[in-house]
Amino acid sequence: MDITDHLKDKKYVAFLDVLGFKELVRTKGEKLNRYFTTIENALIDIQSDKKEITSQLVSDSTILACDFTSQNLKLLLKAVQTIQARCALENIWIRGAITIGDIYFNRDLNIVVGNGLSDAYLLESQEKFPRVIIDPKILKTEYGFGTRKLFIERFNYDNEKNRIAPLIHDSLEQNESIENEAIFVAFAERIIYENIDNLEVIYINIQNELYNSQITYQKYLWLKQYFINSLTRMSYYYENMKHFKLPYDYKTYGKLDAYKSKFVHL
């Protein structure tokens, strides 16, 4: 078998890793079972809805790939967002990266190989926060996305001007520290939009973990700030909807500030 024959075309590749997986394995508790169940169910749903995406679960790592088109990239971003949001509700936090490169899957031989996988793994290993970053080279003009602003507009809206749950994090303030050094997949708004009361689970988990140790403090502090930022953005969105007398979800709107206050005071 000549593997190099399968490594000729560019693809979008995502490599996702679980923070704290060694501790999950060491304790051998229910949380480890929940991780595999959550990921496996998410991959089944993704494969059912988005057949363009190839995926493989290897221990604490999930690998996703799709052909090199703009529409497929959008599907890949949605798939990553799905995995992040579902895992977050189980207090399982995902770190990862999306890049461009070749990759070959062979499930019969349990092989996953390619420059795309290697590059995504290296990017992920350099990331310190629980988020999935997007390789800036995806934004280069040669790939048709131009600047960061145009990239975000294309994938967060793209003829869906009323989209509430963005695919890419887009802060209201350009000087927000959580966005300056990386472009990353949004998942907080997805959780809020699907059921804002799920934020209570997120809040309790961050509250329980935030001051446990210096080792994990930075991770949970970042999560706290990220959810505050996302709640602020959604509140701003609903304020505009209300101002222009457009239809919006009254239930969600009424709870945004209350949850934001809770996160602020953690």
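Computed from the coordinates by the stated procedures, all read-outs in this text should not be read as laboratory data. If you're wondering where the values come from, they're calculated on a predicted model, not measured in any experiment. Heads up, the Cβs are rebuilt from the backbone with ideal geometry, glycines too, and the neighbour counts pull from every protein chain shown.
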Less than 27 Å apart at the alpha-carbon level, and either on another chain or at least 8 residues along: which lysines does that give for K255?
K78, K161, K219, K224, K242, K245
Which angle between 0 and 90 degrees, to the nearest 10, do you get for helix 214-243 versus the longest principal axis of the chain when only C-alpha atoms count?
60
May I ask for the angle, rounded to the nearest 10°, between helix 30-49 and the longest principal axis of the chain, with both axes built from Cα atoms and the value confined to 0 to 90°?
80
The chain: relative contact order as a whole-number percent, Cα under 8 Å and 6+ apart
17
With r as the distance between the Cβ atoms of E239 and N212 and R0 = 51 Å, compute the FRET efficiency 1/(1 + (r/R0)^6) and round to 0.05.
0.90
Grab the beta carbon distance between A258 and T141, set R0 = 41 Å, and tell me the FRET efficiency rounded to 0.05.
0.40
Send over the per residue convex hull volume for region 21-144, Cα only, as a whole number of Å³.
113
For V113 and T69, FRET efficiency with R0 = 30 Å and r from the beta-carbon atoms, rounded to 0.05?
0.85
Evaluate the relative contact order of region 8-95 (contact order divided by residue number), counting alpha-carbon pairs under 8 angstrom at least 6 apart; express in whole percent.
43
If each DSSP helix of 4+ residues adds -39,500 (n - 2.57) and the sum is divided by the residues in the chain, what number results at 222 nm, nearest 500 deg cm²/dmol?
-16000 deg cm²/dmol
Relative contact order as a percentage, region 43-131, C-alpha pairs under 8 Å and 6+ apart, gives 20
Where does helix 115-126 land angle-wise versus the long Cα axis of the chain, in degrees 0 to 90, nearest 10?
40
Fraction of alpha-carbon pairs over 27 Å apart in the chain - percent:
38
